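Worksheet for the structure shown next.
The values are calculated or read from the model by the stated rules, or taken from the named source; none is laboratory data. As the structure is a computational prediction, the values presented were derived from the model and not from experiment. Positions of Cβ are backbone-derived with ideal geometry, glycine not excepted, and every protein chain shown enters the neighbour counts.
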Amino acid sequence: MPILDLTALPWTLEGWRPFTWIPAKRGEAPPCFLPDIGPVPISFPGTVQRALREAELLPDWRAGLNSLQCEWVEHRHWVAETELAPSAPTEKVILEAEWLDYHGWILVDGEIRATFSGPMLPQRADLTPWLGDGAPHRLAIVFDIPPEEQGQFGFTSRSRLFKPRFNYSWDWCPRFVPIGVWGRLRILTGPSAEAYIATARASWDMDSGTGAVTARVSASAALAENGFCWRLRLLDGKSAVAVQEFPAGIEWLTLTALQVEPWQVNIHGEPRVYTVEITLADPSGQVYLTETRTTGFRSIRWLPCEGAPAAADPWICEVNGVPVFLQGVNWTPVRVNYPDVTREDYARLIRQYRDMGCTLFRVWGGAFLESEDFYELCDRAGILVWQEFPLSSSGIENEPPQDEDALNILEAIARSWCRRRAHHPALLLWSGGNELYTGPSSEYPPLQAPVTRNHPCIRRLAQVVSEEDPDRRFIPASPSGPVDYAREDHYGLGIHHDIHGPWGQGLEPNLEQWRQYWSADDALFRSEVGMPGAMEAEDILRWAAGECCWPPEGRYWIHTAAWWTQWGDALRALCGKAPDEESALRLYCEWTRQHQAACYAEAARACKARFPRCGGFLVWMGHDCFPCPANNSILDAEGKPKPAAAALREIFLASPDQLRVRRQDEFSPA
């Protein structure tokens with residue numbers, strides 16, 4: 001049993017008042033020491049909340065105001081336990097987790113044997129003294145009360161925990177703080193516990209048409225002395241393109257002069273992918289550790305936008321010698337309970353975006369490093385990924401931290417993230433975070449001045465990327481350049497580089513004013529553009545679960561969509577003509593949905609028609625992770641497209657030349 005997949009075992013879950021489980025699990029407590037909750041079944045990867053919901057101990061948090069009834073879960077210690085069967089004695093036992101969220105303890109037979117605490121980092125615990133005998137044992141993971149991270153509002157400079165902030169409430173989801181296991185969970189024994197695969201990378205020489213693969217590994221001195229070896233293979237399907245063996249003491253494994261086909265971006269060609277296989281074996285050929293990585297071969301260059309100021313960063317992305325307009329969405333988490341998201345959940349959304357013609361996702365800095373499933377599916381769909389490190393604006397103050405403790409944590413996060421995702425051809429660039437500013441612009445107040453590489457935090461992150469993933473671009477944050485937002489009276493000044501906004505028009509939407517705004521746009525890149533639109537009226541009525549839905553200003557709307565109603569004089573007058581409240585709701589929903597479609601199409605057309613003066617356009621946001629009655633998303637929480645998705649598809653599948661000769665009114669939302 002070199003490797004035991006702990007996610008395949010049955011687990012039970014108990015909820016305890018803090019620390020009362022310690023004497024109980026040791027067998028030192030009187031019979032009255034019992035858990036408040038459970039035991040109930042739980043499976044991993046997954047959340048405590050999902051297990052409680054399946055046991056009918058929590059309501060459906062997506063319905064009505066039910067999420068408020070789930071917040072008590074944060075105030076217990078949760079003990080997940082399983083039985084380990086007898087096995088052969090071994091000299092080394094390591095518990096390896098991709099991420100235990102967030103901190104707590106590891107118990108063996110009721111005794112604390114290790115602790116964990118991690119901001120989106122893998123954990124490894126050496127349990128050899130207590131599990132190495134091969135006897136049956138009881139293993140438990142105890143989750144402490146989650147830390148109190150900042151939500152949407154606070155002070156970015158005080159960031160220390162780096163637990164995903166959106167869970168603590170954002171303008172498109174209520175507070176819902178998941179507890180549980182994210183990703184892989186396993187026990188390594190014997191030689192497999194003495195070796196580690198850190199990273200893999202692929203490169204492609206466009207001139208020669210050949211590729212190379214590099215992997216970084218480590219193995220104990222004992223494995224090297226006993227003749228163990230690494231084997232590196234590149235596979236095209238099941239066929240080997242190349243294979244080579246290396247002594248276990250070698251740190252870098254490399255395959256060169258590989259005859260491969262390039263990976264192409266969606267709608268520009270076939271996204272050819274290959275498999276990197278890394279194996280550890282003993283002198284007899286017995287394999288103790290095998291891991292695979294999906295990879296691909298492509299060349300990326302960044303070129304200046306036509307007519308851009310000399311000091312501006314380049315925003316034209318050239319893939320394999322062809323300039324590509326980067327179009328797509330800001331990717332936010334699929335669910336508030338993100339550890340429960342399955343590969344099929346990811347696949348269903350990514351297929352929709354692929355078919356729309358998306359070429360880029362921006363993984364926003366208020367969330368996390370997206371999963372291996374997400375990245376592999378993007379590889380296969382040909383959709384590039386802009387991944388941000390876990391820093392985001394805080395409304396009150398938006399400057400990154402500068403103290404050494406915070407920077408050391410961020411450095412560890414950045415190193416881990418780079419190593420874990422560097423093999424993916426879809427990964428386009430790393431960003432320091434979302435909406436990070438040093439304060440108001442001195443020349444153009446009250447617009448904000450985005451951070452630069454001169455900031456200590458950004459300088460540290462840039463250094464990590466240069467060391468760990470040197471072939472990829474790093475940008476300080478998004479937006480970037482002289483200012484954060486583009487005002488019409490500033491067009492022509494050359495200060496609009498990577499720009500955020502606008503996000504709607506407030507309470508009085510006006511399509512003609514929106515068209516006027518975009519008619520003279522001079523931004524080099526638009527990485528966030530938003531316009532709210534409602535869900536279908538039937539879905540609002542269903543998800544409201546009896547809460548008052550009309551007018552769009554009561555508790556239910558405030559719960560998740562307070563920022564995104566358009567309930568001004570014009571819509572009040574229009575909906576006031578409806579014969580009843582349900583008809584008024586339907587009228588409101590249909591009007592805002594069609595308005596959203598027209599506005600997104602107009603903005604996307606204006607940007608793409610300017611290519612190569614403009615390098616890209618991203619909608620804020622792609623999909624909802626929670627049922628919002630109205631939001632900027634183009635797919636609702638169930639993946640149902642709003643009319644804006646069809647309107648954008650027409651723009652995304654058209655060429656810049658076609659858009660330059662066709663007016664927006666030729667594009668009609670389906």
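Within the stretch 253-267, the residues that satisfy the criterion of being touching a strand residue (DSSP E or B) at 6+ places or on another chain (Cβ under 6 Å) and surrounded by fewer than 16 Cβ atoms within 10 Å (Cβ to Cβ) are T254, T256, A257.
Here's the yes/no breakdown for (1) buried (at least 23 other Cβ atoms within 10 Å of the Cβ); (2) farther than 19 Å from D636 by Cβ; (3) hydrophobic (A, V, I, L, M, F, W, C); (4) modelled with pLDDT under 95:
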site: E590; (1), (2), (3), (4): no, no, no, no
site: R605; (1), (2), (3), (4): yes, yes, no, no
site: K608; (1), (2), (3), (4): no, yes, no, no
site: F611; (1), (2), (3), (4): yes, yes, yes, no
site: H623; (1), (2), (3), (4): yes, no, no, no
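Evaluate the stretch 542-555: report whether one residue or more is over 22 Å from G616 (Cβ atoms), basic (K, R) and either surrounded by 15 or more Cβ atoms within 10 Å (Cβ to Cβ) or touching an Asp or Glu at 6+ places or on another chain (Cβ under 9 Å) (or both). Yes, the stretch 542-555 contains at least one residue that is over 22 Å from G616 (Cβ atoms), basic (K, R) and either surrounded by 15 or more Cβ atoms within 10 Å (Cβ to Cβ) or touching an Asp or Glu at 6+ places or on another chain (Cβ under 9 Å) (or both).
Looking only at residues that are without any contact (Cβ under 8 Å) to a residue 60 or more places away in the chain and of a type outside the set (S, T, Y) in the stretch 216-227, which one is surrounded by the most Cβ atoms within 10 Å (Cβ to Cβ)?
The initial filter retains those residues of the stretch 216-227 that are without any contact (Cβ under 8 Å) to a residue 60 or more places away in the chain, namely 218, 220-227.
From the residues that got through so far, the ones that are of a type outside the set (S, T, Y) too are 221-227.
Working: A221: 10, A222: 13, L223: 21, A224: 14, E225: 10, N226: 12, G227: 12.
Taking the candidates together, the pick is L223.
Listed conditions (1) crowded, with 21+ Cβ neighbours inside 10 Å; (2) under 30 Å from V213 (Cβ atoms); (3) out of contact with any Phe, Trp or Tyr (no Cβ under 8 Å at 6 or more places or on another chain); (4) of a type in the set (A, V, I, L, M, F, W, C) are all met by W430, apart from (3). Taking the criterion of being over 19 Å from N510 (Cβ atoms) and touching a residue at least 60 places away in the same chain (Cβ under 8 Å), the residues of the stretch 553-593 that qualify are R555, Y556, W557, H559, T560, A561, A562.
Would you point out the residue of the stretch 313-336, among those that are of a type in the set (A, V, I, L, M) and within 24 Å of F297 (Cβ to Cβ), that is farthest from the chain's Cα centre (by Cα)?
Our first condition is that a residue be of a type in the set (A, V, I, L, M); within the stretch 313-336, this holds for 316, 319, 322, 324, 326, 329, 334, 336.
When the remaining residues are screened for being within 24 Å of F297 (Cβ to Cβ), the result is 316, 319, 322, 324, 326.
Values: I316: 24, V319: 23, V322: 27, V324: 23, L326: 18 Å.
The qualifying residue farthest from the chain's Cα centre (by Cα) is V322.
Within the stretch 345-358, the set of residues being over 13 Å from L635 (Cβ atoms) and either in the same structural domain as G46 (by TED's automatic domain parsing) or free of Cβ contacts under 8 Å to residues at least 12 places away in the same chain (or both) is empty. Residues in the stretch 155-174 that are in contact (Cβ under 8 Å) with a residue 60 or more places away in the chain and surrounded by 19 or more Cβ atoms within 10 Å (Cβ to Cβ): 12 in all. What strands (runs of 3 or more DSSP E), lying completely within the stretch 267-344, carry at least 1 residues that are under 30 Å from W182 (Cα atoms), free of Cβ contacts under 8 Å to residues at least 24 places away in the same chain and outside the structural domain of L427 (by TED's automatic domain parsing)? By residue number, 287-295.
The criterion of at least 3 residues that are under 30 Å from G439 (Cβ atoms), modelled with pLDDT under 95 and among the basic types (K, R) is met by none of the strands (runs of 3 or more DSSP E) falling completely within the stretch 104-181. Applying the criterion of being out of contact with any strand residue (DSSP E or B) (no Cβ under 7 Å at 6 or more places or on another chain) and closer than 20 Å to N66 by Cβ to the residues of the stretch 556-586, the residue that is surrounded by the most Cβ atoms within 10 Å (Cβ to Cβ) is W557.
Taking the criterion of being closer than 17 Å to L429 by Cα and touching a helix residue (DSSP H, G or I) at 6+ places or on another chain (Cβ under 7 Å), would at least one residue in the stretch 342-349 satisfy it? Write out each step before concluding.
Here is the first cut: in the stretch 342-349, the ones closer than 17 Å to L429 by Cα are none.
So far as the stretch 342-349 goes, no, none of its residues is closer than 17 Å to L429 by Cα and touching a helix residue (DSSP H, G or I) at 6+ places or on another chain (Cβ under 7 Å).
Within the stretch 27-54, residues that are at positive phi reach partners that are among the charged types (D, E, K, R) with beta carbons closer than 8 Å, at six or more positions or on different chains, in the pairs G38/E14; G46/D340.
Counting just the residues of the stretch 359-403 that are among the acidic types (D, E) and touching a residue at least 12 places away in the same chain (Cβ under 8 Å), which one comes out surrounded by the most Cβ atoms within 10 Å (Cβ to Cβ)? Please lay out each step first, then the result.
Kept after step one, since they are among the acidic types (D, E), are these residues of the stretch 359-403: 370, 372-373, 376, 379, 388, 397, 399, 403.
Checking which are touching a residue at least 12 places away in the same chain (Cβ under 8 Å) leaves us with 370, 372-373, 376, 379, 388, 397, 399.
Details: E370: 22, E372: 18, D373: 17, E376: 20, D379: 23, E388: 25, E397: 14, E399: 18.
It comes out as E388.
Looking only at residues that are touching a strand residue (DSSP E or B) at 6+ places or on another chain (Cβ under 6 Å) and in a strand (DSSP E or B) in the stretch 485-528, which one is modelled with the lowest pLDDT? Only one residue tops the list, namely W503.
In the stretch 343-371, what count of residues is obtained for those that are of a type in the set (S, T, Y) and under 14 Å from the mean Cα position of the chain (by Cα)?
2
Applying the selection to the stretch 1-32, what residues are acidic (D, E) and modelled with pLDDT under 95? Lay out the reasoning, then the answer.
In the first step, residues of the stretch 1-32 are kept if they are acidic (D, E); the result is 5, 14, 28.
Answer for the stretch 1-32, where residues must be acidic (D, E) and modelled with pLDDT under 95: just E28.
Screening the stretch 84-103 for residues that are hydrophobic (A, V, I, L, M, F, W, C) and not in a strand (DSSP E or B) and picking the one that is nearest to L4 (Cα to Cα) gives A85. Is it true that V213 is in a strand (DSSP E or B), touching a residue at least 60 places away in the same chain (Cβ under 8 Å), among the hydrophobic types (A, V, I, L, M, F, W, C) and closer than 30 Å to P10 by Cβ? No.
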